[in-house]
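The values are calculated or read from the model by the stated rules, or taken from the named source; none is laboratory data. No experiment lies behind these values; they were computed from the predicted model shown. In this analysis, Cβ positions are derived from the backbone assuming ideal geometry, glycine residues included, and neighbour counts consider all displayed protein chains.
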Amino acid sequence: MASRRNSASSSRGMSTPQTSCLLKSRLSQRFTPRRFTPYWRTPQSRRVATAVQSTKGRRKAVPTKSKNGSDSSADSADLKGFIDKTWRVYKLSPLYKFSTAPKDLKRYGQLLSSCVEAANQKITIVESNASGKAFFCVQKELQNSKDDPAAIQILIKGRKATANTDSILLTATLCGVEMEDNLLNPEVKEHFTYYPILLVKSTVALTDVLITWLQRHFDCKISPLIFPPVHLAWMIAMWSGGLANSKRKNKPVELVYQVPSECEGIKKITYSIEADDCLRVWNSIHDTREDIFTEEEMTTFIASMEEHFYSLFRIKLNAMQLSCVGTALCYIGREGLLKIYSAEHVICILRHLTELSVEHFMLNM
Amino acid sequence: MGCFSDVLRSAFTKCKASELENLLKQWGYLTEDELLQLNFSKSKMCVFRDVLSLCQEKNRKRETTDRIDQFDLHCILRNSAKKKWFIYKLHDKKPGTKESWQSDPEKFKKKLQQQVDLYFDSTASVSVTLQDGALWCRLYIPTGNHNMNSNTVYLIYYPHCQCFAISAFKVSVQNFLFQGLSNAFGYATLTSMNLSGLHYKSLFQLAFNKLGETSFGLTKDVQSLPFMGENRRKRKAEEIEMEPNMRSEDIAMKRKRSLSLETAFGNFEQPVLESLQFKVEVKFMGRKNLKNFSEDGEPIRCCVKFEGPSVLEGVRNLASCGLANEPLPKHLLKVNSLGTNNFVLKSKDKS
């Protein structure tokens, strides 16, 4: 049973053979030694399997405030580098023999610089930069709990063909914010470091160079963190009232639905609701004294918004998929695009992304 | 010489490499021998440099500048979908306005040039051409910003019509530009119809439906629309009609839906609109599952935008695919005759 499980997990491509047994599997306790017998009683209802484990019927609590009690307002000045930039979000498997010692970070910078130079010479990078120097440094402002790995910022500076001065060509951050517990087994903890998310802001070509280098050097697997519609709905419910008490005018809450391809002529429907009105609806569903949101509240909220839309246009939004959502705090696209607007809520958003990445990784184990 | 090289470069970037040869022949400024010297198998920029050097050799700066402006206009004419067009309506015709100039591009150019010289710098220029019954104009209005593209405005006007299409322009020139245009057309004022898109023929058709200058309201009664041209196609037949051997369980419901959509939208393809926007301010109507929602009468403000290659066709298809229930609301069905693609929906004030 154990050997079959290992081969199945490695064949999915998410983990390398070294990492397949590293993380404590939450699912391991569910498998019983019972022999496979297909002759069960006919079920009264059938459930269609979904790619993401369905939480229907279970109450799922999602904390909104930081574990250490702060809303990161004191650190918002340090986190301004994350706002108003379009990031691509990736998930990673544990990195083998990754060190945060200053001399190792310096060495990584030199190795990545030579890799970028080699890619330049192969003319794989369109901007044809004269130089691409990489720098690795620790970002202390993202380490919120003792279980969090030291966040690493990666910068690649260079000069474009048409420019006279150097500029930053790539900004990336490896981090894990407020991870619940240390997910690595004690016997392998020394050799592996687990960063659940990688944020990258750069061109596609340079991003590919960075990802390829990280995968080769640290024997890990990096892939885009996809947000299915149910996760996007959670984010809307959690963050639509994020800046409600502030005096500034908030961006409207935006839901972008993708129209199925068989309906030719319309590609997407963008449904924006004023932040204050959205909050009014949300407060009628959720008790503002409670810190946690439940799945029932989230589904009621989305359903009532879609019902309002239906009464106006007689179009069934629930038959379409959410592809992007926007709130006053951030804008998130299904394909792993992220733009954060509020520096005070960077930790909160990254914490949630960390949780999603860890959950996704656990499901694929 | 630097100025018309920018115009020529901009014109070349607008058109496809495969169209260059025909465009240059139509332009007529280069002789046949000069055209033979050009190698169209090379890249666009190589051809541009060759054409530029041929123009510079002619050593007739004023004429060359005018002819290159004409070339730029022809490129836009051929690739009109690269520009976003905004429809404006003309109000209050001035008494005694002569209309004989409207069908003559040279007279119209002279009239427009007079107005442009009145309000703008002497370096402002006007080019006009007649194509498919419409007057196409190119206005170059220099401002402090030397970016040529932002200083150039294009206009499409069908003679004797009460509306025209214009490309994007700077807010700083709007007042003088509108004053000059209303004087040139012989009207007192002009207002936006809140109608914009990439397909100018569809925009004109929608504007005309609203202005009532056609004798039909529904597109179903029309075999060929004046602006949609001869290429207007009948819609593809439904799948159940195409395949006689196909059996469907709810064929009666599908046929009924197909008939009602035909009544609402007609047989022909809808005019092409890339976006349709509704600003809505009505009472919240999603409170079926909400026990604690306060009925204080405050409306919920939201904005809905439909986007795609042909939104009107898409709205029809939403119903035929079962993603929308019939009957569709009037504000979706009547878009064809309302002459705008930006709507405001508000609750009726009971007081």
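Brief remarks on what is shown
- Failed condition for A:E127, given (1) modelled with pLDDT of 80 or more; (2) over 22 Å from A:R216 (Cβ atoms): (1)
- Note on the stretch A:251-307: residues that are in a loop (DSSP other than H, G, I, E, B), within 9 Å of chain B (Cβ to nearest Cβ) and surrounded by fewer than 20 Cβ atoms within 10 Å (Cβ to Cβ) amount to 5.
Every residue, every condition in (1) at pLDDT 75 or above; (2) within 14 Å of chain A (Cβ to nearest Cβ); (3) farther than 26 Å from B:N341 by Cβ, yes or no:
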| residue | (1), (2), (3) |
| --- | --- |
| B:K236 | no, yes, no |
| B:I240 | no, no, yes |
| B:D250 | yes, no, yes |
| B:E262 | yes, no, no |
| B:K283 | yes, yes, no |
| B:G297 | no, yes, yes |
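- Restricting the stretch B:75-107 to residues that are at pLDDT below 90 and crowded, with 18+ Cβ neighbours inside 10 Å, the residue that is farthest from the chain's Cα centre (by Cα): B:W101
- Conditions (1) in a loop (DSSP other than H, G, I, E, B); (2) touching a Ser or Thr at 6+ places or on another chain (Cβ under 9 Å): number failed by B:P95: (2)
- Meets criteria (crowded, with 17+ Cβ neighbours inside 10 Å and charged (D, E, K, R)) for B:E307: yes
- Residue satisfying all of: in the stretch A:308-325; of a type in the set (S, T, N, Q) and touching a helix residue (DSSP H, G or I) at 6+ places or on another chain (Cβ under 6 Å); nearest to the other protein chains (Cβ to nearest Cβ) among these: A:N318
- Verdict on B:R257 being crowded, with 19+ Cβ neighbours inside 10 Å, of a type in the set (K, R) and assigned to a helix (DSSP H, G or I): no
- Residue selected from the stretch B:310-321 under the condition in contact with a helix residue (DSSP H, G or I) (Cβ under 8 Å, 6 or more places away or on another chain) and not β-branched (V, I, T), by the criterion surrounded by the fewest Cβ atoms within 10 Å (Cβ to Cβ): B:S320
- B:T65 meets all of the listed conditions (1) over 18 Å from B:N151 (Cβ atoms); (2) in a helix (DSSP H, G or I) but one, namely (1).
- Scanning the stretch B:312-326 for residues that are at pLDDT 85 or above and of a type outside the set (S, T, N, Q) yields B:L312, B:E313, B:G314, B:V315, B:R316, B:L318, B:A319, B:C321, B:G322, B:L323, B:A324.
Yes/no per residue for (1) outside any loop (DSSP other than H, G, I, E, B); (2) at pLDDT below 70; (3) within 14 Å of chain A (Cβ to nearest Cβ):
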| position | (1), (2), (3) |
| --- | --- |
| B:T214 | no, yes, no |
| B:N245 | no, no, no |
| B:M253 | yes, no, no |
| B:L273 | no, no, yes |
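- Matching residues, the stretch A:131-153, being out of contact with any helix residue (DSSP H, G or I) (no Cβ under 9 Å at 6 or more places or on another chain) and small (G, A, S): A:S145
- Residues in the stretch A:182-208 that are in a helix (DSSP H, G or I) and over 21 Å from A:I83 (Cβ atoms): A:P186, A:E187, A:V188, A:V204, A:A205, A:L206, A:D208.
- Sole exception among (1) away from chain A (no Cβ under 14 Å); (2) surrounded by 12 or more Cβ atoms within 10 Å (Cβ to Cβ); (3) at pLDDT below 75; (4) closer than 24 Å to B:K330 by Cβ for B:D221, by number: (2)
Here is a yes/no grid of residues against (1) over 15 Å from A:Y96 (Cα atoms); (2) surrounded by 14 or more Cβ atoms within 10 Å (Cβ to Cβ); (3) at pLDDT 85 or above:
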{"position": "A:K157", "(1), (2), (3)": "yes, yes, yes"}
{"position": "A:A161", "(1), (2), (3)": "yes, no, no"}
{"position": "A:D166", "(1), (2), (3)": "yes, yes, no"}
{"position": "A:C175", "(1), (2), (3)": "yes, yes, yes"}
{"position": "A:D181", "(1), (2), (3)": "yes, no, no"}
{"position": "A:N185", "(1), (2), (3)": "no, no, no"}
{"position": "A:Y194", "(1), (2), (3)": "no, yes, yes"}
{"position": "A:I197", "(1), (2), (3)": "yes, yes, yes"}
{"position": "A:K201", "(1), (2), (3)": "yes, yes, yes"}
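- Only one of B:L54, B:L77, B:L155 that is part of a strand (DSSP E or B) and closer than 27 Å to B:K25 by Cα: B:L155
- Residue in the stretch A:209-223 that is under 19 Å from A:C115 (Cα atoms), in contact with a Leu (Cβ under 6 Å, 6 or more places away or on another chain) and assigned to a strand (DSSP E or B) present: yes
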